[in-house]
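Contents: one structure, followed by commentary.
The values are calculated or read from the model by the stated rules, or taken from the named source; none is laboratory data. Values in this document were obtained by computation on a predicted structure and should not be read as measured data. Here the Cβ positions follow ideal geometry from the backbone for every residue, glycine too, while neighbour counts run over all protein chains shown. The area values use the complete protein model at the heavy-atom level, side chains included, leaving out ligands, DNA and RNA. Shrake-Rupley method; radii C 1.70, N 1.55, O 1.52, S 1.80 Å.
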Amino acid sequence: MTTNPSTHTSEVAAPRPQFAKSAPKAFRALVALDAAAREGLDPALVELVQIRASHLNHCAYCLHLHTGDARKAGESEDRLHMVAVWREARHFFTGREQAALALTDAVTLVAGAGVPDDVHAEAAACFDERELSQLLALICTINTWNRVALATGKVAGTDER
């Protein structure tokens, strides 16, 4: 019998770790970084960035959480539907939001081409140095949350925050 090398499941899957319980100090540090990263950023922009990174990382758990949070914050369904294709639907987003989404794409997919100078320059033109640093911290944080959720088998539609 041949097996598909891209699947890593066994007959009996080992239980996934409960990150918050198993590594409470690391979990609390990540929560603190998340809170610090958001400081001074527009809450709508925060959700757009988190939604975009979650799309790119295929993290259904985080995507569900952040689209729900964005709706509660008053985000429109039209804009939520367009985040995945923001480059083809730029008119739904401000120039500042586009710059943040482009930076999110570059940092999330950093292994592909790094962060191109033009992407950084556009973000730097839209955000002051402090905001740009906060945005970078936010992008790094959601990428970490995505990886934790995927590695621990979080299920979309549940909210275990």
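Report in % the part of the accessible area of the range 5-161 that belongs to carbon and sulfur, leaving out ligands and nucleic acids; probe 1.4 Å. Don't skip to the end; give the middle numbers.
Working: 5310 of 8920 Å².
Whole-percent figure for carbon plus sulfur exposure: 59.
Hey, if we sort Arg28, Arg38 by accessible area with the 1.4 Å probe, largest down, what's the order?
If we order Arg28, Arg38 from most to least accessible, we get Arg28, Arg38.
For the chain, which cysteines have no disulfide-compatible partner, meaning no other cysteine Cβ under 4.7 Å?
Within the chain, the cysteines lacking a partner Cβ under 4.7 Å are Cys126, Cys140.
Under 1.5 on a/c is rounded, so check that first for the range 1-125, then, if it is not, pick prolate when a/b is larger than b/c and oblate when it is not; a ≥ b ≥ c are the square roots of the alpha carbon gyration tensor eigenvalues.
Prolate shape, in that a/c is at least 1.5 and a/b is the bigger ratio.
Under a no-solvent Debye model with one identical scatterer per Cα of the range 97-161, what's log10 I(q)/I(0) at q = 0.24 Å⁻¹?
Debye output, listed in q order: -0.98.
How much mean residue ellipticity at 222 nm does the chain get from its helices, if each DSSP H run of length 4 or more adds -39500 (n - 2.57) and you divide by all residues, to the nearest 500 deg cm²/dmol?
Rounded to the nearest 500, it is -19500 deg cm²/dmol.
Solvent-accessible area of Glu160, probe 1.4 Å, all protein chains present, reported in Å² to the nearest ten, please.
For Glu160, the solvent-accessible surface is approximately 100 Å².
Give the residues of the range 118-144 whose amide nitrogen is closer than 17 Å to a point set 7 Å from the Cα of Ala36 in the direction of its Cβ.
What the label zone holds, given the 17 Å backbone N cut-off, is 130-144.
Given points 7 Å out from each Cα along the Cα-Cβ axis, report the Ser133 to His58 separation in nanometres with one decimal.
Calculated label separation equals 3.6 nm.
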